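In what follows, a single structure is set out as structure tokens and then discussed.
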Amino acid sequence: METYDSLLAAITPTAGPTRDVHDPATGELVGTVPVQTADDVDRAVTAAEAAQPAWAALGHGERSAIMLRAADAIDRSTEALAELLSREQGKPLNGPNARFEVGASSAWLRAAATTELEAEVIVDDGQSRAELHYRPIGVVAAIGPWNWPMMISIWQIAPALRMGNTVVVKPSEYTPLSVLALVAVLNEVLPEGVVTAVAGDRDTGARLSSHPAVGKVMFTGSTATGKAIIRSSADTVKRLTLELGGNDAGIVLPDADPEAIAEGLFWGAFINTGQTCAALKRLYVHDDIYDAVCDSLAGFAASMPMGIGLDEQNVLGPLQNKAQFDIVSRLVESAKAAGARVILGGDPAHDQPGYFYPTTLVADIHDDSPLVTEEQFGPALPIIRYHDVEDAVAKANALDVGLGASVWSADPDRAREVATRLEAGTVWINSHGGLNPMVPFGGAKQSGYGLEFGVEGLKALGVPQVISG
Ligand code: NAD
């Protein structure tokens, strides 16, 4: 399945009701997906249950080898997967976008395949011995969002497989084709029933996250849906990893060099056209360098082309869907109405197809503006002036979410000291949002709980078992 046409043909339903999926840049039809029901969820979970004992019995070595072959299959289909992702999600092929996402998917799969989780000897004093092992959970549900659909699905699937679980994947209703295609490529290699995708909406997700035979839900999406999953999983006491919404603050200290940090600030905020959970969503800049940071960031941002994803020159794309376009528009309009100063963008063209919202920077904005307090999840960054770093830290910590944060300074020790006071799962110094498959990632406060990636990520996909005697 190395060509776009063969990939699309492999996932196009041949019978039953279907739903059309459109390109958010052009409105063109990209493909169709099956409309799957609660019965399909039940069948997929039953198949996953049936496949799990044999998958677990293969042992770590054999599972690892199969997963590495699956990563090779992704690599062989990179261009086809990237084109489908670009058409469906809207993100450009080029830049840190569609090809990058497919590459990250195979990289994360390889990392999970090759990471070792040894049994820990907790006590061994000659009298007694206690070891901590991790057993497979069973069937894992993987429920994902529409912003990085392939990569986030792999973040959920890969550690689950490595630990001997089987997986039922429920992609976002906005980006099902990308995930169905990814699963089809994985299934060129994986035994039957080990990974099954069910395309459906939030009801399908609710059915899956309350299914009695599902032992764990890996969920990435909004905080509101995360809370619904906590409730729906309670009756069967499922294990949960919840990677939820964020509203990441960045604090620029007065000693930072505005020119030197402009590119990092830009990509921290605007990667994937701002549709990234751990993107920079509120920028606090010291009064001494406020104007210089605004100028250098606006200069860099204005040079970054936005447009149709298949055009290789573009590095920014449309919002993925109209609902998100409307959220970004509303938040920017409310800031304008309250007297904030738009220094770039802020005025989408209404005479072209596609959910394009221009790269937007909003200066001289109050902390209580909805553009600051709500997650915009799009290309509109509020830049807030501060005078006292203590005040900036307090404001950064004032919200009930805490996924990521960043501190920007010429003095790394000073930046680290400020970082320790920020309430976030990750604090980056002089960058924002970079991830590594071996470095744990997770949220604080209502950004969720549980860690993904590396050894901690594998532990989250196992049931701890102490063997003592
Ligand atoms: P969403 O919560 O609307 O949907 C996510 C998934 O949940 C979809 O597949 C949806 O069908 C499903 N779903 C909806 N209701 C459900 C229910 N009651 N039970 C089970 N499943 C249900 O999120 P979204 O709009 O697709 O994604 C954007 C949000 O995701 C943003 O808030 C963003 O910050 C967050 N996000 C977080 C991370 C992270 O790692 N923390 C990564 C990406 C996105």
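Taking the longest Cα principal axis of the chain as reference, the axis of helix 149-162 is set at about 40 degrees.
For region 248-429, calculate the relative contact order in percent as a whole number, restricting contacts to Cα pairs under 8 Å that are 6 or more residues apart. Kindly include the intermediate steps, with their values, before the conclusion.
Working: 356 pairs, mean separation 51.6, N = 182.
Normalised by residue count, the contact order of region 248-429 is 28 percent.
When the helices of the chain are scored as -39500 (n - 2.57) per DSSP H run of n ≥ 4 and the total is divided over every residue, the value at 222 nm lands at -12500 deg cm²/dmol.
Taking the number of other C-beta atoms within 10 Å as the exposure measure, put VAL167, VAL455 in order starting with the fewest. The partial results should precede the final answer.
Working: VAL167 30, VAL455 15.
Sorted ascending by nearby Cβ count, the order is VAL455, VAL167.
Taking a straight Cα-Cα cut-off under 29 Å and skipping sequence neighbours fewer than 8 places away in the same chain, the lysines within cross-link reach of LYS238 are LYS170, LYS216, LYS227, LYS445, LYS459.
Rounded to a whole number of µm²/s, how large is the Stokes-Einstein D of region 209-358 at 4 °C and 1.567 mPa s, given Rh as the Kirkwood radius over C-alpha pairs?
Working: Rh = 18.1 Å.
D, rounded to a whole number, is 72 µm²/s.
In order along region 434-443, the Karplus-derived 3J(HN,Hα) couplings, from 6.51 cos²θ - 1.76 cosθ + 1.60 at θ = phi - 60°, round to x, 10, 9, x, 9, 9, x, 9, x, x Hz, and Gly and Pro are given as x. In order along region 173-184, the Karplus-derived 3J(HN,Hα) couplings, from 6.51 cos²θ - 1.76 cosθ + 1.60 at θ = phi - 60°, round to 5, 7, 9, x, 4, 4, 7, 4, 5, 4, 5, 4 Hz, and Gly and Pro are given as x.
When GLU456, GLU101, GLU120 are arranged by Cβ crowding within 10 Å, least crowded first, meaning fewest neighbours, the order is GLU120, GLU456, GLU101.
The angle between the Cα long axis of helix 98-114 and the longest principal axis of the Cα atoms of the chain comes to about 40 degrees, rounded to the nearest 10.
Here, the chain has an Rg and a Dmax of 22.5, 78 Å when only alpha carbons are counted. Here the Karplus curve 6.51 cos²θ - 1.76 cosθ + 1.60, taken at θ = phi - 60°, turns the phi angles of region 120-128 into couplings of 9, 8, 8, 9, 7, 10, x, 9, 9 Hz, with x standing for Gly and Pro.
What's the exposure ranking of TRP148, TRP55, going from fewest to most Cβ atoms within 10 Å?
Values: TRP148 27, TRP55 22.
Lowest count first: TRP55, TRP148.
Between the helical axis of 38-57 and the dominant principal axis of the chain, each derived from Cα atoms, what acute angle in degrees is found, rounded to the nearest 10? It is inclined by approximately 70 degrees.
Taking amide hydrogens as placed 1.01 Å from N in the peptide plane, the amide H of VAL167 sits under 5 Å from those of VAL140, VAL195, THR196, each at least 5 positions away in sequence or on another chain. Across region 1-43, Cα pairs under 8 Å and at least six residues apart give a relative contact order of 32 percent. Computed from point charges on the beta carbon alone (+1 for Lys and Arg, -1 for Asp and Glu), the dipole magnitude for the chain about its Cα centre is near 1280 Debye. Counting only DSSP beta bridges with both residues in region 248-429, the antiparallel share comes to about 10 percent.
Near HIS22, the amide H atoms lying under 5 Å from its own belong to VAL30; only residues 5 or more places off or on other chains count, and H is placed 1.01 Å from N.
For the chain, what's the relative contact order in percent, using C-alpha pairs closer than 8 Å and at least 6 residues apart?
Working: 1104 pairs, mean separation 86.9, N = 469.
Reported relative contact order: 19 percent.
In this structure the amide hydrogen of ARG129, modeled in the peptide plane, comes within under 5 Å of the amide hydrogens of GLY469, none closer than 5 places in sequence on its chain.
Computed from the coordinates by the stated procedures, all read-outs in this text should not be read as laboratory data. Being a predicted model, the structure only gives us computed values, none of them experimental. Note that we place each Cβ from the backbone using ideal geometry, even for glycine, and neighbour counts take in every protein chain shown.
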